[in-house]
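**Student:** Got a structure here, written out as structure tokens. Questions coming.
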Amino acid sequence: MEKKYLIFVCGCLILFFTICSSGQSYSLGWQGTDLIPPDQFSDVNRWYTGSSTGESCYVTTDTANVYLHWKFGSGKRNKWALCFQILNEPIALSDLNIIGVDVKGSPCSLSRHIRIKLEDGTNQSTYIWHGLASMTRWCEKLAVLKKQFQGYVNWNKIQVITFEVSSDASANDTQVDSGTVVFRKLQFASVDEWQRAVSFETLKDTSTLDSIKNQTLRGILSRQAANGLFYTWLEDKTSFLYGHGLILKILSIEGQWNQSIPLNVYAEAAEKLALFLVSHQDPKGFWPRAWNTDDGTIRTYVEEYDGTVWMGDFPWIITGLVNYYAKSGDERVLNAIQKARSFLYNLIDSNGRLYTLNIYTDTKYEVTSVEAYAAAILSVYELGDSAKANAMLNYISSKTWDNNLKYWQEAINFPRPVLFANTWMAQLIYNTPDYYKATDALSFVGKTLFTKGPGSPEGFDGIGPVATWYEGTLSYICAGGPGSQMLFDSIVKYRYADGTIPAYNDNFGGKVDVWAVDWSSLDGTAWLYYAAAKSSPFRIFYKSPDIPYGLSFINNASISIYPNPSTGEFSIIHNDQLCDINNISIFNVLGVPVVKYSQKNIQKPFTINLSHCKQGIYYILIETNKDFITSKIEIL
């Protein structure tokens, strides 16, 4: 009897831990409570209408939906048409965190927006979805956090709820326009009640993973042009920067070299891409944001409109080139890496704050985007500078982590939940004391951004949720989010014949603050490779020894470096005491040692011979019985 009882208890414990570790108790998406009772929501007599001068509207309903029929007149001005309901009794929403609504639009101008308003009788708070009125299918559970609403309202006394279609005078459309927007299931929920995942979910080892990975690699290789670039989009024949960093890292992983000589097709493709990047680097150290693939001419030089370098793209090339050099040993890329590193480091404060640069005015602007920080942090880790990368990670996390809702905001002082901010940060923070934030944040976006879009496959949108974004969903899978296996199994069914995947499972262009097309995506296909390989672009494969950058020589220390013309006795003084020298090492900019001296062959005066080293920046690391000391050496 005791033995049977023990077996039963052990079985229960195994089942419990299996459920917890597999994330089976966690469900994607969220369910809410109706803000307005269904019978009142669908009562046409409870809805009132209003519009700006020159516009008109009316309301109809059925058993579940509210139809706002609107018409805008000609002329350039602010235009709006709305319907609103006055509640029988004020409702208290101070404990809610999120509001969601199902919306369906109709054919109309892309500049027709949808706004939701909550009023307390005196003040109002609003949120707007840009271009949503032109969506001709249902967008379900469009979620907005209470903290995203603009305006000050007493959340304990909500009395009026309004749906509005609007456009701004700046839209510059003067034609008559009309349409219908349908609303249903206006709901709210408290995030505090949401269940969070307790562990990361990894994909099961199956015989199909290698097959998917290899098909993906063939699809990637087929997109390389003769000049070394890859088609980000086959449809418009463009190459964007970010994806080339992802791809160069993949080719470096798969490539084989012998003394810098490529031995397989991946190494050959990597070399062509790396040399294109080296020859097309701006003298300041960054790269153009996009090229025309066929002829290699520049399509977009810097971030559109503001003349700044977009940090969400540029650092990925550092990551790609570092991995290429570490695997191939091709020293032709070292100067480009050094220039890019210098450009980036000049934009990082000692406390980890990141800036970008207007290339025309040399004006620095603070970066606020979490996605941009994540890309830059990864590149700094790849350069072997953990201290600086950790400072950056701590800085941006402290500015954007919401300790109540447990997610990373899109940017500093911008609370919108977006996918990359949370999937990328989750991967960076995995090996830190704050690792628990990763599962919390992945659980959060698993609820708020989950969507089916126009159908299958299920997944996440970057901002919406409006349609399934394959690339973003795969970044969630690489991060180990709950439900990863189900999502992966669904997505791989929708690959194209060449092994690549679409960007989205819909094709509506620029609406609702996203650009959704069903074109074959280089970037998304790169993430498919990492997912099938059970890896991530945020995994550092070729870790250089950490160099404590930022330290300086202790006073009275001097050293002569050949061939640079300086002389002096080699002695290190610390706290007025002569230090014993244990080891001396010289590293290149990637942290790879090029010269090393042990204690037995260090004598005074001492000269380090760097005559065999190429021009560039090097670092000397001196290990004494008191401290580590570093300094920068530049060979001209």
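**Student:** Is segment 207-532 rounded, prolate or oblate when judged by the Cα gyration tensor, a ≥ b ≥ c being the square roots of its eigenvalues, rounded requiring a/c under 1.5 and prolate requiring a/b larger than b/c?
**Tutor:** rounded
**Student:** Okay, moving on. Straight-line reach only, C-alpha to C-alpha below 25 angstrom: list the lysines that Lys185 could link to, leaving out same-chain residues fewer than 8 apart.
**Tutor:** Lys71, Lys104, Lys117, Lys141, Lys146, Lys147, Lys157, Lys447, Lys452, Lys511
**Student:** Here's a follow-up. For the chain, calculate the relative contact order in percent as a whole number, restricting contacts to Cα pairs under 8 Å that are 6 or more residues apart.
**Tutor:** The normalised contact order for the chain reaches 12 percent.
**Student:** If you don't mind, another one. Mind listing the phi-derived Karplus ³J(HN,Hα) values for segment 215-226, rounded to whole Hz, using 6.51, -1.76 and 1.60 with θ = phi - 60°, and x for any glycine or proline?
**Tutor:** Couplings: 5, 5, 4, 5, x, 5, 4, 5, 9, 7, 7, 4 Hz.
**Student:** Then there's this: Would you calculate the volume per residue, in Å³, of the smallest convex hull containing every Cα atom of segment 427-546?
**Tutor:** Dividing the Cα hull volume of segment 427-546 by its residue count gives 118 Å³.
**Student:** Taking the Cα centre of the chain as origin and charging only Cβ (+1 Lys, Arg; -1 Asp, Glu), how large is the dipole, in debye to the nearest 20?
**Tutor:** 480 debye
**Student:** Can you give me the angle between helix 334-345 and the longest principal axis of the chain, using Cα atoms only, in degrees from 0 to 90, rounded to the nearest 10?
**Tutor:** The helix 334-345 is inclined about 60 degrees to the chain.
**Student:** Further question: Taking θ = phi - 60°, what integer Hz values does the Karplus form 6.51 cos²θ - 1.76 cosθ + 1.60 yield along segment 407-421, in sequence order, with x for Gly and Pro?
**Tutor:** 7, 8, 5, 4, 7, 4, 6, 9, x, 4, x, 10, 6, 4, 4
**Student:** With unit charges on the beta carbons (Lys and Arg positive, Asp and Glu negative) and the dipole taken about the Cα centre of the chain, which residue among Gly243, Ser585, Trp129 sits farthest to the positive side?
**Tutor:** Ser585
**Student:** Sequence-distant or interchain residues sharing an amide H contact under 5 Å with Phe230, placed H: which?
**Tutor:** Residues meeting the amide H criterion: Ala225.
**Student:** Assign one of three labels to segment 47-91, namely rounded, prolate or oblate, based on the Cα gyration tensor with a ≥ b ≥ c the square roots of its eigenvalues; rounded applies when a/c is under 1.5, prolate when it is not and a/b is larger than b/c, and oblate otherwise.
**Tutor:** It is oblate, given that a/c is not under 1.5 and a/b is not larger than b/c.
**Student:** Below 15 angstrom from the Cβ of Asn292, what's the summed charge of the other residues (Lys, Arg +1; Asp, Glu -1)?
**Tutor:** Net local charge, Asn292 excluded: 0.
**Student:** Using amide H atoms built 1.01 Å from N in the peptide plane, name the residues 5+ places from Asn582, or on other chains, whose amide H lies under 5 Å from its own.
**Tutor:** Here Glu623, Thr624, Asn625 satisfy the definition.
**Student:** Could you give the distance between the Cα centres of segment 214-244 and segment 449-470, to the whole Å?
**Tutor:** With segment 214-244 and segment 449-470 each reduced to a Cα centre, they are spaced 24 Å.
**Student:** On a 0 to 90 degree scale, rounded to 10, what angle separates helix 522-532 from the longest Cα axis of the chain?
**Tutor:** The helix 522-532 is inclined about 80 degrees to the chain.
**Student:** Where does each of Lys447, Lys213, Lys157, Lys596 land when they are ranked from fewest to most other beta-carbon atoms within 10 angstrom?
**Tutor:** Lys596, Lys157, Lys213, Lys447
**Student:** Below 8 Å, C-alpha to C-alpha, sequence gap of six or more: please give me the relative contact order for segment 123-262 in percent.
**Tutor:** Computed over segment 123-262, the figure is 13 percent.
**Student:** Right, here's the next one. Over segment 33-193, what per residue volume does the convex hull of the Cα atoms give, in whole Å³?
**Tutor:** 106 Å³
**Student:** Scan around Asp461 for amide H atoms under 5 Å from its own, H built in the peptide plane at 1.01 Å from N, and keep only partners 5 or more places away or cross-chain.
**Tutor:** Answer set, sorted by chain and number: Thr451, Val466, Trp469.
**Student:** Additional query: Grab the other residues whose beta carbon is less than 14 angstrom from that of Thr361, score K and R as +1, D and E as -1, and report the net.
**Tutor:** -1
**Student:** For the chain, what class follows from the C-alpha gyration tensor (a ≥ b ≥ c being the square roots of its eigenvalues): rounded when a/c is under 1.5, otherwise prolate if a/b is larger than b/c, else oblate?
**Tutor:** prolate
**Student:** Quick one: putting +1 on the C-beta of Lys and Arg, -1 on the C-beta of Asp and Glu, what dipole do you get for segment 23-156 around its Cα centre, in Debye to the nearest 20?
**Tutor:** It works out to roughly 780 debye.
**Student:** Next up: List Tyr435, Tyr355, Tyr266 from most exposed to least, where exposure is judged by having the fewest other Cβ atoms within 10 Å.
**Tutor:** Fewest to most other Cβ atoms nearby, the residues stand as Tyr435, Tyr355, Tyr266.
**Student:** While we're here: Could you work out how far helix 314-328 tilts from the main Cα principal axis of the chain, as a 0 to 90 degree angle to the nearest 10?
**Tutor:** It is inclined by approximately 40 degrees.
**Student:** Counting Lys and Arg as +1 and Asp and Glu as -1, what is the net charge of the other residues whose Cβ lies under 15 Å from the Cβ of Ala531?
**Tutor:** Value of the local net charge: +1.
**Student:** Distance between Cα centroids, segment 120-148 to segment 51-78: provide it in whole Å.
**Tutor:** 16 Å
**Student:** Also: Step through the residues of segment 498-513 one at a time and calculate ³J(HN,Hα) from phi using the Karplus curve (6.51 cos²θ - 1.76 cosθ + 1.60, θ = phi - 60°), rounding each to whole Hz and writing x for Gly and Pro.
**Tutor:** 8, x, 8, 10, x, 6, 9, 9, 8, 9, 10, x, x, 9, 6, 6
All of the numbers you see were taken from the coordinates with simple rules; none came from a lab. Note that the structure is predicted; figures quoted are calculated from it, not measured. Here the Cβ is made from the backbone with ideal geometry for all residues, glycine too, and neighbour counts use every protein chain on show.
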